[in-house]
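The values are calculated or read from the model by the stated rules, or taken from the named source; none is laboratory data. Just so you know, these numbers come straight off a predicted model, no measurement behind them. Cβ placement follows ideal geometry from the backbone for every residue including glycine, while neighbour counts extend to all protein chains displayed. Note: areas computed on protein heavy atoms with side chains; ligands, DNA, RNA excluded. Shrake-Rupley method; radii C 1.70, N 1.55, O 1.52, S 1.80 Å.
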Amino acid sequence: MTDRHASCSCGQLRLVAHGEPIRVSMCHCLACQRRTGSTYGAQARFADEDVEIEGRSTEYLRVGDEGGEIRFHFCPACGATVYYRLEKGMTAVPVGAFADPSFPPPQFSWYGFRRHPWVSAPAGAQTDDDLPPP
């Protein structure tokens, strides 16, 4: 079984994800752009029971566009988001927290209507580019 290690910038908040991600996706919504300080967020989802967490975190609760609660956990020392909990028993980890250039690419790309025109999804990724804005 593959173990993947993620951490914040200072190393105080860490996690180990056991096994392959359930899915890897990229999101172009404005909330992800603001959270990451980039043009999109890339995240990998794992079942809660496949994730071990060490260190202190500060939690930020956000209600998503469709009403679901997302609990973001970031390091109180350096501010980096290391994971967030979804209501469906899943933990999402920003792909960059793994600091692993060989990490699998996103298979899904969401909120295409918010995507910066110079950003593209990986070849073969499922997108919602043809859907109208909500």
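Values as computed for the structure displayed
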quantity: Gap separating the Cα centres of the stretch 2-24 and the stretch 75-117, nearest whole Å; calculated: 11
quantity: For peptides 75-82, 120-127, sequence by mean Cβ density within 10 Å, most packed first; calculated: 75-82, 120-127
quantity: Whole-number accessible area per residue in Å² for the chain, which is evaluated in the context of all protein chains at 1.4 Å; calculated: 56
quantity: Relative contact order of the chain, defined on C-alpha pairs under 8 angstrom at six or more residues apart (%); calculated: 26
quantity: Carbon and sulfur %, accessible surface of the chain computed with the full protein complex present, 1.4 Å; calculated: 50
quantity: Within the chain: Cβ-based charge dipole about Cα centre, in debye rounded to nearest 20 (Lys, Arg +1; Asp, Glu -1); calculated: 440
quantity: The chain, helix-only ellipticity at 222 nm - DSSP H runs n ≥ 4, -39,500 (n - 2.57), divided by all residues, nearest 500; calculated: -1500 deg cm²/dmol
quantity: In the stretch 1-97, trypsin sites (Lys or Arg not before Pro) in a DSSP loop with at most 12 other beta-carbon atoms within 10 Å; calculated: R56, K88
quantity: Sites excluded, GluC sites (Glu not before Pro) in DSSP loops with at most 12 other C-beta within 10 Å, longest stretch of the chain; calculated: 1-65
quantity: Overall form of the stretch 1-47 per C-alpha gyration tensor (a/c, 1.5; a/b vs b/c); calculated: oblate
quantity: Value of Rg to Rh for the chain (Rh from inverse mean 1/r over Cα pairs, i.e. Kirkwood); calculated: 0.95
